[in-house]
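Reviewing the structure listed below.
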Amino acid sequence: MLSNSSKYALKAVLYLAIHTSSENKILARDLASLINVPPAYIAKLLQELVRKNLAHSEKGPHGGFYLDELNKNEPVINFIYAIDGEDKLNSCLLGLSHCNHLNPCPLHHLANPMRDALLNNLKHKCINDLVIDIKNGKSSLPL
């Protein structure tokens, strides 16, 4: 359901949420090696998040990317929508353009309740909630 770009962006955002601040930034190339994503690719994704005010960056000798408290309290869905747009998570599993509740594909009734639950969770969980789960050992982010 998530594109590789969204997966990479979320891994980067979670790393930034745990390890950075306005005083402690990280360069895209350093982050790329930590999360195993090509440097130019992660830089492009992070720049898109910065453009949409979901992350911050500073240039210069002490520059790099970081998240502030407002970014950490953004719903997870905002980061996915910033990278993939809203259509990706709402599209038909079979890729049919005409699929909707009035004209459902064969998987629509199977997938839609799960998709709705996932979207609801992504809208109500913020990045900080995921960070707390990682710090408490409820989930992990192996790097």
Looking at region 1-52, which of the residues that are over 26 Å from residue 117 (Cα atoms) and among the hydroxyl-bearing types (Ser, Thr, Tyr) is surrounded by the fewest Cβ atoms within 10 Å (Cβ to Cβ)? 22
May I ask you to list the residues in region 84-99 that are under 30 Å from residue 49 (Cα atoms) and of a type outside the set (D, E, K, R)? 85, 89, 90, 91, 92, 93, 94, 95, 96, 97
Any residue in region 71-86 that is crowded, with 20+ Cβ neighbours inside 10 Å sitting within a Cβ distance under 8 Å of a residue that is basic (Lys, Arg) and in a strand (DSSP E or B)? List the pairs, counting only those 6 or more apart or interchain. none
Any chance region 73-92 includes a residue that's β-branched (Val, Ile, Thr), at pLDDT 95 or above and outside any helix (DSSP H, G or I)? no
Residues of region 120-142 being in a loop (DSSP other than H, G, I, E, B) and surrounded by 13 or more Cβ atoms within 10 Å (Cβ to Cβ), which ones? 125, 141
Could you list all residues from region 48-85 that are of a type in the set (Lys, Arg) and within 19 Å of residue 19 (Cα to Cα)? 59, 72
Are any of the residues in region 61-83 within 18 Å of residue 141 (Cα to Cα) and of a type in the set (Ser, Thr, Tyr)? yes
Scan region 54-70 and tell me whether some residue there is under 19 Å from residue 1 (Cα atoms) and aromatic (Phe, Trp, Tyr). no
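The values are calculated or read from the model by the stated rules, or taken from the named source; none is laboratory data. Being a predicted model, the structure only gives us computed values, none of them experimental. Glycine also receives a Cβ, built like all others from the backbone with ideal geometry; neighbour counts cover every protein chain displayed.
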